[in-house]
Structure formats: C-alpha cells, structure tokens
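Written out below as structure tokens is the structure these notes cover.
Each reported figure results from applying straightforward, stated rules to the coordinates on display, with no laboratory input. On a predicted model such as this, the values are computed, not experimentally measured, just so you know. Please note: Cβ atoms are built from the backbone with ideal geometry, for glycine as well, and neighbour counts cover all protein chains shown.
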Amino acid sequence: MIHWLKVPNNPEIAKYIACYWFLEKLPNAEGNNDYPKLNPDPATHLILALPKQNFLYKSDNGVTQMQGCHWLHPHGKTYELDHAKSVACIGIKFHVGALYSLPNLVALQSKTP
C-alpha cells in the first residue's frame, strides 16, 4: 500500500484545507487490511478518483456504494471500507466548518455516503 499526507504550503489555502492525502492499494497486496475502519471525523473530505473506481462504506445504517469522485461528510459512526480490490484516490480534508465559508462549493456536494 502506498499512502501519504501533506499539509498545504500556501497560508491562504491552509485556512480552508487541513491536508491532502493519497491512498493506493494494489490487488492482493500482502500485510494490509482489506477492510480498514474509518473512524468518526467532524471534517469533510473531497475524494478524487477515476470515474469507474468503486467505494463501499459499511456502517450500522447499511452499505453505501459510491463511484468516482464524491464527498465524505462529517460522520459520527465508524465506517468499514472495502479495499479487497485495488483502490487509488486523492483526498482533500477541509477544516471543520470550512465549507460554510465557500457557498459555491457547498452547492456542489450532491454525492455523499
């Protein structure tokens, strides 16, 4: 598995964005958890992925399947992710409440688990 996390260098961007992250897991990668847990998070993430990339989020409320780019909104429950197949995505983690100061961006949040 390949993963990294970077904070923005630009102070104007850093007002809104906490970090950028990348995740890539190849199929049959050994020593990695195929079903990692995503702990509750008060921040919003924008997930950037190829249009055919599938994402499964399992929680007490059932299973939500997403495809391609999508928003991961603040959540108070743990999600179990399905990484049994290959996955590659870039994420942008916003500071808590940052999207409220960007009204045009909030209107774009149509896809969310």
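What ranking of His95, His3 emerges when the number of other C-beta atoms within 10 Å of each C-beta is taken as an exposure proxy, fewest first? All intermediate terms of the calculation are to be shown ahead of the outcome.
Details: His95 16, His3 9.
The fewest-first ordering by Cβ neighbours comes to His3, His95.
Which whole-Hz couplings ³J(HN,Hα) result when phi for each residue of segment 60-68 is put into the Karplus expression 6.51 cos²θ - 1.76 cosθ + 1.60, θ = phi - 60°, listed in order with x for Gly and Pro?
Using θ = phi - 60°, the values come out as 4, 8, x, 10, 10, 10, 10, 9, x Hz.
Would you compute, from DSSP H runs of 4+ residues alone, the mean residue ellipticity of the chain at 222 nm, taking -39500 (n - 2.57) per run and dividing by the full residue count, rounded to the nearest 500?
Details: 2 runs with 8 residues, N = 113.
It comes out at -1000 deg cm²/dmol, rounded to the nearest 500.
In whole Hz, with x marking every Gly and Pro, tabulate ³J(HN,Hα) for segment 49-56 from phi via Karplus 6.51 cos²θ - 1.76 cosθ + 1.60, θ = phi - 60°.
Listing the rounded values in order: 8, 5, x, 8, 6, 9, 10, 10 Hz.
Nothing charged except the Cβ atoms of Lys and Arg (+1) and of Asp and Glu (-1): what's the magnitude of the dipole of segment 1-96 about its Cα centre? Round to the nearest 20 debye.
Dipole about the Cα centre, nearest 20: 160 debye.
Assuming a strict under-19 Å limit between Cα atoms, what lysine pair count do you get for the chain once near-sequence pairs (fewer than 8 apart, same chain) are dropped?
Taking the chain as the scope, the lysine pair count is 20.
Hey, what do the phi angles of segment 94-101 turn into as Karplus ³J(HN,Hα) couplings, whole Hz, using 6.51/-1.76/1.60 and θ = phi - 60°, x for Gly and Pro?
With coefficients 6.51, -1.76 and 1.60, one gets 8, 4, 4, x, 4, 5, 5, 8 Hz.
Which loop trypsin sites (Lys or Arg not before Pro) in segment 1-68, with loop taken from DSSP, have no more than 13 other Cβ atoms within 10 angstrom of their Cβ?
Taking segment 1-68 and a limit of 13 other Cβ atoms within 10 Å, the loop trypsin sites (Lys or Arg not before Pro) found are Lys15, Lys52.
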